[in-house]
Each structure stands twice: as C-alpha cells, then as structure tokens.
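Asker: Below are the structure tokens for one structure; questions will follow.
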Amino acid sequence: MRLFVALDLPWEIKEELSELSFNLIGARWVPADNFHLTLRFIGEASRLQAEEIDLALATLRGRSFAFALSGLGWFEKAGRVSTLWVGVERNQDLAKLQAKVESALYRIGLPPDRRRFTPHVTLARMDSPVTPALTQFVQAHNLYRSAPIRADSVTLFSSFLGKDQPTYTPEAEYALG
Ligand code: 3AM
C-alpha cells in the first residue's frame, strides 16, 4: 500500500479551499475531500512495514497546536509548474511535529527525506509553464488567510491511485496531547 502522513483539515476549510478552486485553465483541481497537509510521503509499504510505521507513529508525543493557511504559491520543476498550493503561516509547532514524524520513521529504517519541508496544501496539479493566468490567479487569491486550524491529531493515509483522482483513506489517527 502507498502511504503518507498528513494533517487532515476541517470540513469548513476544505470547503473554503474548494471555493478558490476554479478559473484557471490547465489546473486539475484537487477534490475537496482530498485536501490535506502532508507531513511525510512514505510511498509503497508492505503490510509488515505498515504495522511498523503505525507503531512508530503511535509513539509520537506532542501537543496540539493551531496553524493558519496563508497565501498561494507553486512548485516548479524544469520550468514547468507541477503543483499549485495554499501556503502555511510560519509555525514552529508544525515544524517540530514534522521533525518528530521524520525521526520516528527514521528510527524504523525509512530513508530520510532530504528535501526541505515546505508545508502546503495542494490545490491543483498542473503541467504547464508559468503563464500570466497563473500569476494573476495567485495574485488574486494571495490575501487568502484561513481562520486558525487546530491540529490535534496526525493521520496515516493510504493512497490508491485511481484513473482520475487518487482515493485517500485515513488508516490510523494519532492524537496529539
Ligand atoms: O501533499 P501533496 O499534495 O504535496 O504529491 C503527493 C502528495 O503531496 C506526494 O505525497 C502526497 C500524498 O500523495 N507524493 C506522491 N508521490 C511522491 C513521491 N514519489 C510524493 N512525494 C514525494 N515523492
């Protein structure tokens, strides 16, 4: 199974994000149900590995905290935009939580993820150069800021890559104190 660790988002926030999700040619919008904030992509794992991952995540100790979504941006690879996202206001608690998840998984032998953590919520997948329409879209919505969102648990999701959109299933939830 294909796994990742994320913060799920409250329904009101998912609705708010889906209200931003229109009017940009070439954007493959993420369905509201699928919005999440990835802490760690794991990838393919066997049943046994999944059980180890579950045990490792169950040892996470942390306090719940609040964070806010803020502004828009995109990821670019070789001059092509791959992901349009909503950003997250700078947040030490979130950075600490991500580091804890990373080290819990490192302890059970997952290779470290060396990329810098750039917290975001993917709004759309794309495959296009940076166009005026994209920069206009980002400018138009850049003042977006969510109400504070409580992070009181971390979720282990499985991801089934269907024909159209992936299906994400929460497999386990780990409460933050
Ligand atoms: O949270 P976002 O949408 O940025 O792009 C995938 C998604 O990220 C990412 O994991 C999240 C849940 O599917 N993902 C998928 N394949 C990946 C890979 N091979 C990956 N991240 C890193 N490496």
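Asker: Go through the range 39-63 and give me each residue that's closer than 26 Å to Ser146 by Cβ, touching a strand residue (DSSP E or B) at 6+ places or on another chain (Cβ under 6 Å) and surrounded by fewer than 17 Cβ atoms within 10 Å (Cβ to Cβ).
Answerer: Phe41
Asker: For the condition assigned to a helix (DSSP H, G or I), surrounded by fewer than 19 Cβ atoms within 10 Å (Cβ to Cβ) and either more than 18 Å from the chain's Cα centre (by Cα) or more than 16 Å from the ligand (Cβ to nearest atom) (or both), what is the one hit in Ala133, Ala104, Ala66?
Answerer: Ala133
Asker: Okay, moving on. Give me the residue from the range 147-177 that is small (Gly, Ala, Ser) and in a strand (DSSP E or B) and, out of that set, surrounded by the most Cβ atoms within 10 Å (Cβ to Cβ).
Answerer: Among them, the one singled out is Ala151.
Asker: Look at Arg61 and say whether it is in contact (Cβ under 8 Å) with a residue 24 or more places away in the chain, within 15 Å of the ligand (Cβ to nearest atom) and charged (D, E, K, R).
Answerer: No, not satisfied.
Asker: Can I ask one more? Taking interchain pairs and intrachain pairs at least six residues apart, which have beta carbon atoms under 6 angstrom, with the first residue in the range 155-177 and more than 15 Å from Leu39 (Cα to Cα) and the second surrounded by fewer than 13 Cβ atoms within 10 Å (Cβ to Cβ) and aromatic (Phe, Trp, Tyr)?
Answerer: Thr167/Phe160
Bear in mind that the values in this text are calculations on the coordinates, not laboratory data. All values reported here derive from a predicted model rather than from experimental measurement. A quick note on method: Cβ atoms are made from the backbone with ideal geometry, for glycine too, and the neighbour counts reach across all protein chains shown.
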